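See structure below.
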Amino acid sequence: MPSILPINIEDLLHCRGVESARIELKASWDEQTTGSQVIRTICAFANDFQNLNGGYVVIGVGEQDGVAVMPPKGLASGDLARAQQWIRGRCNTIDPIYQPVVSPEVVGGRSILVVWAPGSQMRPHQAPASSEQGVARKYFIRLGSSTVDADSKAELKTQLMQLTARVPFDDRRALQTSVLDIRETKVREFLHDVGSGLVDEPDTQTLYRNLRIAEPVNGHDVPRNIGLLFFSQNPEQWFPGARIEVVQFSADAAGDLIEETVFAQRPIQEQLRECLGYLDNLSVRLIQKLPDLAQAAHWVSYPSLAVREVLVNAVYHRSYENEPEPIKVYIYRDRMEIISYPGPVPGIERYHFDGQVSLPPVPARNRRIGEFLKELKLAEARGTGIPRVKRAMQQNGSPPPMFDFDQSRSYFRTILPAHPEYLTVLGVQDIGNQRFR
């Protein structure tokens, strides 16, 4: 029987392509203790407080210091069956009723149970505070790796209430389109790339529903926006501005445009990959043998890791709702600018980019785009991008990056200064060119 999980089970257990905070590990099954905890965690994942698209509860796998203990302990066949039946039944006590995806899996010859609880389109949900009969329901949310009672803190409950019926744009139904606009070959290529067993599902309708890129509406299936962004031939047909433009300016004083390259008419992850390859080929590399040293000094004009992080974040965090402006990459003599629209979501301020404090747990703009990019190993865990960019620039010997947005948050710009030696090389080239004029 094909797996119904969208992610490779080994990647899930080793937190590859999904943050550890989105995984809850339970070594064994017990209705009185484990059961009640699982229901509260399912409720918290369904409420999707940070728009990360919920998470996974894995039963039969213990943890030590936040890492899965392998090989798994596993569940006996009787416990596996009882756990599935109990979870499905008790999820009816969640208000509104919420049913996660329950998938028995085999890892290392042992049976485990994976409960996938995606972000709900009917949040907020409440769950019983304990396993006792008649106990009051409470709102639960996920903060980091903990399931928290949002009723205990007024500000958390207020923020959760503000998310009521607010489905992130990338996860909404595209009612004016057809599932025929999704290319099945691209869906199966994606599942193959991420190593999901769902790729073996023979029925197209079941495949789309299990991946949650389509859902039934009034007797027929319609795509979700994420399905069109990742698996249609030309996303810009429905989302104007869903493309990447790279513009190079001349190195002379006039700074005239010398070349413009557009990455469009293909799914956004393909645009991203092709643009990253293009930018990597533009980067100048220099290896210099230094006297009395065994190792050579080397640098690049723009470190590929920094460029990758910034461009991936632009694709992840831009808006695709009524935003006609594409992602723009401007390459000048002394810097590269990557600009996306609009700016950061409210709650993120300028001082969050100086490296002194971490980003606050505000809801992300696109929960499904981020999830898919992480599964493709294009994006890292949330909140790690800025430190990685700064570290890559420092290790290359480049000046630090700069982050900029206006007061109205109409844009977000990252500036990567060129390596100082690269400017020296350009200066020498300028002198040489002048001699031959």
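A short reminder: the numbers here are calculations on the coordinates, not readings from a lab. Because the structure is a prediction, the values reported are computed rather than measured. Reconstructed Cβ throughout: ideal geometry from the backbone, glycine too, with neighbour counts over all protein chains shown.
Structure notes:
- Ser145 versus Leu305: modelled label distance in nm, points set 7 Å from Cα along the beta carbon direction: 2.3
- When the helices of the chain are scored as -39500 (n - 2.57) per DSSP H run of n ≥ 4 and the total is divided over every residue, the value at 222 nm lands at -9000 deg cm²/dmol.
- Over segment 86-245, equivalent-ellipsoid semi-axes from the Cα gyration tensor in Å: 32, 22, 15
- Cross-link reach list, lysines versus Lys377, counting only Cα pairs under 24 Å and skipping chain neighbours closer than eight places: Lys186, Lys328, Lys390
- Extension gain for Arg391-Asp200 works out to 64.7 nm (0.36 nm per residue, less the C-alpha to C-alpha distance).
- Computed over the chain, the range of Cα coordinates on each principal axis works out to 88, 56, 46 Å, biggest value leading.
- Here segment 171-233 yields Rg over Rh of 0.94, to two decimals, using C-alpha coordinates and the Kirkwood radius.
- Projected label distance in nm at Asp30 and Glu274, using a 7 Å step from Cα toward the beta-carbon: 5.7
- Whole-Hz Karplus values for segment 328-336 come out as 10, 10, 9, 10, 9, 4, 10, 6, 10 Hz, taken residue by residue from phi with 6.51 cos²θ - 1.76 cosθ + 1.60 and θ = phi - 60°; glycine and proline positions read x.
- Considering only the Cα atoms of segment 1-105, their convex hull presents on average a projected area of 6.9 nm².
- Inter-label distance for Gln233 and Thr261, nm, one decimal - labels placed 7 Å from Cα along Cα-to-Cβ: 2.5
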